[in-house]
Amino acid sequence: MKNNHIRERDGANISLWQSAASKTEINGSGERYIYDVLIIGGGITGVSTALKLQKKGKKCLLIESHKLAFGTTGGTSAHLNTFLDATYPEIDSDFGKEASNLLGQAAKEMIEQVRKNIEEFEIDADFEYKDGYLFSQNEKESQQLGSILSSSIEAGIDVSEVSANGVSLPFERVLKFRRQAQFHPVNYILGLSKEFLRLGGDIIEDIFIESTEFKDDVHIAKSSSGTYRAKSLIWATHIPPGINILSLRNAPYRSYVLAVKLKNDDYPDCLAYDMQEPYHYFRSHIIDSERYLLIGGADHKTGHDDPEKAFSDLENYTRENFQLEEIRYRWSSQYYVPVDGLPYIGKFPGGDERSYVATGFNGNGMIFGSLSAQILTELIEGNETELSKLLSPSRIKPVSGFMDFLKENADVAYHLIADRFKTEIITSVSELKNDEGKIVEFEGEKLALYKDEEGKAIAVSPVCTHAGCIVNWNATEKSWDCPCHGGRFDVQGKVITGPPRKSLDQITLPS
Ligand SMILES: Cc1cc2nc3c(=O)[nH]c(=O)nc-3n(C[C@H](O)[C@H](O)[C@H](O)COP(=O)(O)OP(=O)(O)OC[C@H]3O[C@@H](n4cnc5c(N)ncnc54)[C@H](O)[C@@H]3O)c2cc1C
């Protein structure tokens, strides 16, 4: 693995994108002005939105708790699709055909928007149009594929049934979606951020916004080291912090990716997807003259399954289906599944005036993060559109997802109670191996205990500071992951992602 310059990411594993990206020059003290807009979060959503608003003449400040692309944008697989995880038949039945049309059109426009940005700002982001193949492997999937074909055509998508699937995997039926695309997500947002800075926007990294208030018509955001003011506020943090309706309407999932070298030259020149649950996704990418097969899948709810097993399942699948030579990169990252299938982009429900949010992107955040820039800019300029009404975070939609919603919440309640009984009693920290993390009961106290590679034990409270659930150890990304709403903490208990605002309490072990 090339290790010349590794950007930070919200996990211990290194993604394909971290090694290739360069550093941006960041400016801005942030405390001088009342900005027009404060954007919190430096992923594709925050950076795209900041640039769009700055171009419209707004004076913007973007604040990121770590480095740009620290979040899921640094761990994505960066396919750009006109078909979505909520399929067009599902959107037709839950929101109507007009909604499918609006979203299909928006997805096409966002692929063009990304291409135009890359061209206009001369970003080295490897943009390439590719065909996308969706293939079935059994009768049930083939039936679903048939209905996806007809609904997609009605939604104005360029798709047809074909007889090859672009990868050497067995199939029954295949759909070919034309003019999909792929790109380098981190180079892309670093390129956008340079343009944002050139236009006079300010960026501050390494500042975690802990709280906000709305006073005298101004938003005041506070970190442990500074206070920032703006007329409008955007939470581009993938999921907004705190306990609110959106943390109840989105379920956190993890997805796993391998970037591998093959013994033969069987790298797909396309994007491809099977229809298993969870589905696998495939594409290739050349970085530093090396071609890689990217293969992703093994998704599960955060904190609910063993991440090591997810990686080994994905690795076994790859070995069974490709001539695997070497796994060069493996990483996982988090995404949020909205209860009714569509993202929430717009005014923060029940929030202060002029506060906005963009979340619930499922596996389509390259499209929806870019679309958020458009919708939020329009809303801040006072324009509501059909699309902003459709994706309004305040929508109350009695759709079929409602039962899933109840199940998700029952699941959360179960973890609140059951996890409290799942602890192992230990009498000495020597019972843990080096580089092992466990929830334990030690001298009458429940601990999230990690022993580092040198054997030093670090103990924090296992109670998530968001809603009080018990965290689980993620041995592959070296984090404490909450199974309820996806809060994640590092071994020191510091928030790395998700809705918590506060670190896990540190606990001093007896010497
Ligand atoms: C493995 C995987 C593969 C995927 N593949 C695809 C794909 O092929 N195509 C696609 O369209 N989508 C894909 N997705 C989804 C997509 O990557 C995400 O939806 C998208 O990256 C989210 O971008 P974002 O900017 O909203 O959030 P993020 O990239 O997570 O950025 C949010 C940022 O906010 C910062 N932050 C959080 N809280 C605070 C705070 N309080 N103060 C300051 N900063 C804060 C974080 O540090 C983070 O950098 C994939 C997701 C996963 C997990």
Relative contact order (%) - the range 419-507, alpha-carbon pairs under 8 angstrom, separation at least six:
21 percent
Would you work out which of PRO499, THR49, GLY341 lies farthest towards the positive end of the dipole of the chain, given +1 charges on the beta-carbon of Lys and Arg and -1 on that of Asp and Glu, about the Cα centre?
THR49
Per the Kirkwood formula on distinct C-alpha pairs, the Rh of the chain is how many angstrom?
23.4 Å
May I ask you to compute the full-extension gain from GLU326 to GLU436, defined as 0.36 nm times their residue separation minus their alpha-carbon distance, rounded to one decimal in nm?
37.0 nm
For q values of 0.14, 0.18, 0.20, 0.25 Å⁻¹, compute log₁₀ I(q)/I(0) with the Debye formula on a Cα-only model of the range 298-369, without solvent.
-0.65, -0.86, -0.94, -1.12
Of THR427, VAL471, VAL440, which is farthest on the positive side of the dipole of the range 419-507, counting Cα position, with +1 on Lys and Arg Cβ, -1 on Asp and Glu Cβ, and the Cα centre as origin?
VAL471
Evaluate Rg over Rh across the range 419-507, taking Cα atoms for both radii and Kirkwood's formula for Rh.
0.94
Rounded to one decimal in nm, the spacing of the 7 Å Cα→Cβ label points at LEU509 and ILE396 is 5.1 nm
Give me the accessible area per residue for the range 234-361, probe 1.4 Å, as a whole number in Å².
35 Å²
Based only on the alpha carbon positions, what is the Kirkwood hydrodynamic radius of the range 112-233, in angstrom?
18.8 Å
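Give LYS446/LYS502; LYS194/LYS347; LYS58/LYS97; LYS52/LYS176 a once-over and call out the pairs whose C-alpha atoms are over 30 Å from each other.
LYS58/LYS97; LYS52/LYS176
Which GluC sites (Glu not before Pro) from the range 93-127 combine a DSSP loop assignment with at most 12 other Cβ atoms within 10 Å?
GLU122
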Among the listed pairs LYS59/LYS231; LYS451/LYS494; LYS456/LYS478, which are separated by more than 18 Å between their Cα atoms?
none
Suppose only helical runs count, i.e. DSSP H with n ≥ 4. What mean residue ellipticity at 222 nm does that imply for the chain under -39500 (n - 2.57) per run, divided by all residues and rounded to the nearest 500 deg cm²/dmol?
-8500 deg cm²/dmol
Taking the alpha-carbon centroid of each part, what is the distance from the range 201-254 to the range 273-334 in angstrom?
33 Å
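Expected output is a single nm value to one decimal: the length gained when fully extending between GLU384 and GLU172, i.e. 0.36 nm times separation in residues minus the C-alpha distance. What is it?
Details: separation 212, 0.36 × 212 = 76.32 nm, distance 4.35 nm.
Working it through step by step, the gained length comes to 72.0 nm.
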Within the chain, which is the longest segment that contains none of the trypsin sites (Lys or Arg not before Pro) sitting in a DSSP loop with at most 12 other Cβ atoms within 10 Å?
33-262
Work out the length of the dipole vector of the chain about its Cα centre, built from +1 on the beta-carbon of each Lys and Arg and -1 on the beta-carbon of each Asp and Glu, and round it to the nearest 20 debye.
1020 debye
Mind listing the lone cysteines of the chain, meaning no other Cys beta-carbon sits under 4.7 Å from theirs?
CYS60, CYS270
Selected from PHE208, ASN383, ILE220, residue furthest toward positive end of dipole (the chain; charges at beta carbon):
ILE220
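The values are calculated or read from the model by the stated rules, or taken from the named source; none is laboratory data. Because the structure is predicted, anything quoted here is derived from the model rather than measured. So basically every Cβ, Gly included, is an ideal-geometry build from the backbone, and we count neighbours across all protein chains shown. The area values use the complete protein model at the heavy-atom level, side chains included, leaving out ligands, DNA and RNA. Shrake-Rupley method; radii C 1.70, N 1.55, O 1.52, S 1.80 Å.
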